[in-house]
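Asks: Structure below; questions to follow.
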Amino acid sequence: MSGLGVNIDHVATIRQARRTVEPDPVWAAVEAELAGASCITAHLRVDRRHLQDRDIYLLRQTVRSRLNFEMSLNEEIVAIAEDIRPHQASLVPENREEVTTEGGLDVVGQFERVQEVTERLASHGIVVSAFIDPVEEQIQAAKRAGCRAIELHTGTYANACLPPDGSLPSDAEVHLQLDALAEGLDIGLDEGLIVHAGHGLTYTNVQPVARLGGFDEFNIGHSIIARSVFSGLRDAVIEMKTLIETAMEAD
Ligand code: PXP
């Protein structure tokens, strides 16, 4: 059964809107774990727009499942990862102007830096994952760079389900993107990698991806935190976990 990694960044986004102390993402991690999250994902961005250093250090001490530290290849952030030694580090691209992570990491294009960072993190016993598009060359490059896991970027699939320009979704495009994810999953598993998936997954689009079977974990943030405003975080996590599990059982 696939796990559910809950990304708690946007709890910190709400706190930072007022530069105050609430809501605390550390409390959110506890709630998510009590609801059955298999991992807590947290992204310390270079611009510190949501999580702060204090959060990451506290999460490292308090998370009881696994801490998945989402990070760019920036040297300051790499040094923090080496210091806190999370269970897993997920390498992502980061661009100052973006609203959220856009596209997967170009492992092929930045191969030497990815390999160097991966080796440094792995030497501390950290499982290194690369967040990449479901493209064969990127998957193979992640493997060659020493990654033990990959996270397939589901954002293009999510955009096909709910086009950002407000147009109606096309079934053909949705199926094309699902096929790309299925193919990426097979290639990753054939390479002996642990394969995760994430970005843009919601209560309405997660089940077709879960039905593909074989993903180790789904990393989901925005949709769960958005739902939690109305239902509370514990129920929001349980609801997402149930959708994933029922999709897989039905297969
Ligand atoms: N996986 C990665 C690598 C991400 O960068 C993000 C966004 O921080 C997520 C998953 C979660 O995406 P979302 O917030 O759209 O669920």
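Asks: Which Cα, out of Ala130, Ile220, Phe111, lies furthest along the positive dipole direction of the chain (beta carbon charges, K/R +1, D/E -1)?
Replies: Ile220
Asks: Go ahead and run the numbers for FRET between His175 and Asn95, Cβ-Cβ distance against an R0 of 25 Å, rounding to 0.05.
Replies: With a Förster radius of 25 Å, E is 0.25.
Asks: For the chain, build the charge dipole from Cβ charges (+1 Lys, Arg; -1 Asp, Glu) around the Cα centre, then report which of Pro164, Gly232, Gly198 sits farthest towards its positive end.
Replies: Gly232
Asks: To continue, here is another question. So for the pair Arg54, Asp106, with labels modelled 7 Å out along Cα→Cβ, what separation do we get in nm?
Replies: 3.8 nm
Asks: Further, regarding this structure: Where does the chain land at 222 nm, in deg cm²/dmol rounded to the nearest 500, when only DSSP H runs of n ≥ 4 count, each adding -39500 (n - 2.57), divided by all residues?
Replies: Here the helix-only value at 222 nm equals -15000 deg cm²/dmol.
Asks: With each label point set 7 Å from Cα along the Cα-Cβ vector, what nm distance links Val30 and Glu116?
Replies: Rounded to a tenth, the inter-label distance reads 4.1 nm.
Asks: Which order results if Thr118, Thr242, Thr202 are arranged by neighbouring Cβ count within 10 Å, fewest first?
Replies: Thr242, Thr202, Thr118
Asks: Which net charge results for the neighbourhood of Ser90, defined as the other residues with beta-carbon distances under 10 angstrom from its beta-carbon, given Lys and Arg at +1 and Asp and Glu at -1?
Replies: Charge balance in the 10 Å sphere: -2.
Asks: Nearest-5 percent of antiparallel DSSP beta bridges in the range 105-251?
Replies: The antiparallel proportion sits near 0 percent.
Asks: Quick one: compute the contact order of the range 95-239, relative version, from alpha carbon pairs under 8 angstrom and 6+ residues apart, as a percent.
Replies: 19 percent
Asks: Sticking with this one: Dipole size in debye (nearest 20) for the chain around its Cα centre, Lys and Arg Cβ +1, Asp and Glu Cβ -1?
Replies: Taking the Cα centre of the chain as origin, the dipole is about 1020 debye.
Asks: With an 8 Å cut-off on Cα pairs and a minimum separation of 6 or more residues, tell me the relative contact order of the chain in percent.
Replies: 20 percent
Read the figures in this text as sums done on the coordinates, not as results from a lab. Predicted, not measured: the structure shown is a model, and the values here were computed from it. Backbone-built Cβ (ideal geometry, glycine too); neighbour counts: all protein chains shown.
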